[in-house]
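Here's the structure, in structure tokens; my notes come after.
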Amino acid sequence: MTAMRDRRRGPLASIGLHTTLILASAVAVFPPLWLLVTSFKPKGEAFSTDVIKDPTLGNYGHVLGDTEFPTWFGNSLLVVGCTTVLGVFIAATTGYAVSRFRFPGMRPLMWLLLVIQMFPVAILIVPLYTIMSTLGWLNQPVSLIVTYLTVAVPFCAWMMKGYFDTIPVDIDESGRVDGLNPFGAFWRLVVPLAKPGIAVTAFYTFITAWAEVAYASAFMTGEENLTLAAGLQTFVNQYTSDWGAMTAAAVMIATPAALVFAWVQRHLVAGLTAGATKS
């Protein structure tokens, strides 16, 4: 079938298509590749157009040994771990509830979850900052965990609802016949079948918390309290510009995200497709 399409397309069209794809791939790959290359350059050659004259691990040593990067990493692991676990649980149970049960206010609840996604970060920072200050949660990981949950859960609940709609209700009913309560049927029968959707939810929640900068910068002060994304700003600001350290830190920040993506990528297409087509 592909060969027949290539014949119908013609040689010029095929060349144009492949050229466009190659150029698009080069544009997409160049920034992270150049970031990686720059991280191995000596400090004085950060803006050099040469690939690498004298490769060095000095930037990585400086970031790990002379900055608060290990502390930022620990802060991020705490925030991201709690956000991911809680986000997946809340989104999955919410999506299952609105997929399987009919209750007063269900439609307004789903619309509320959708409307929440329309508010930009800039509008929400001030009211959320006020709430966290009133609760005494500023400079506490709980402030970021709660905030990231408000960002990730509405979208993930919609997506999980769509995925649970693709799982036959007969499975739940058979579990109840065998003596399981609704939560038992959900946990023991439905969750194992919903792994692709849960994988997408976990990945989205992870990325939301791992790469977020605005809330982390507003709610956390003092280098010892920063997360990785917020700490990255300390390398290049109005007072200093250590591009070598920043690129090295950026590479180390991106690596865990790439590993998580590689781990869940086989579930991403199935989970996103089901959630998008059935919501």
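The values are calculated or read from the model by the stated rules, or taken from the named source; none is laboratory data. Keep in mind the model is a prediction, meaning the values are calculated, not measured. Here the Cβ positions follow ideal geometry from the backbone for every residue, glycine too, while neighbour counts run over all protein chains shown.
Within the range 137-166, being within 17 Å of Trp187 (Cα to Cα) and surrounded by 19 or more Cβ atoms within 10 Å (Cβ to Cβ) holds for Ala157, Met160, Lys161, Tyr163, Phe164. Only a single criterion out of (1) within 30 Å of Trp72 (Cα to Cα); (2) among the β-branched types (Val, Ile, Thr); (3) part of a loop (DSSP other than H, G, I, E, B) is not satisfied by Ile131, namely (3).
Screening Ile207 with (1) over 12 Å from the mean Cα position of the chain (by Cα); (2) part of a helix (DSSP H, G or I); (3) closer than 25 Å to Ile125 by Cβ gives one miss only, at (1).
Checked across the range 56-70, the condition of being out of contact with any helix residue (DSSP H, G or I) (no Cβ under 8 Å at 6 or more places or on another chain), surrounded by 11 or more Cβ atoms within 10 Å (Cβ to Cβ) and within 28 Å of Ala216 (Cα to Cα) holds for at least one residue.
The number of residues in the range 183-207 being closer than 18 Å to Phe101 by Cβ and free of Cβ contacts under 8 Å to residues at least 12 places away in the same chain comes to 3.
Table: residues versus (1) farther than 12 Å from Ala91 by Cα; (2) in contact with a helix residue (DSSP H, G or I) (Cβ under 9 Å, 6 or more places away or on another chain); (3) not assigned by TED's automatic domain parsing to the domain that holds Ser99; (4) not in a helix (DSSP H, G or I).
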{"residue": "Asn139", "(1), (2), (3), (4)": "yes, yes, no, yes"}
{"residue": "Asp170", "(1), (2), (3), (4)": "yes, no, no, no"}
{"residue": "Gly179", "(1), (2), (3), (4)": "yes, no, no, yes"}
{"residue": "Glu212", "(1), (2), (3), (4)": "yes, yes, no, yes"}
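All conditions in (1) over 23 Å from Thr234 (Cβ atoms); (2) touching a residue at least 60 places away in the same chain (Cβ under 8 Å) hold for Phe89, with the sole exception of (2). If you go through the range 120-136 and pick out every residue that is surrounded by fewer than 12 Cβ atoms within 10 Å (Cβ to Cβ) and of a type in the set (Ser, Thr, Tyr), you end up with 2.
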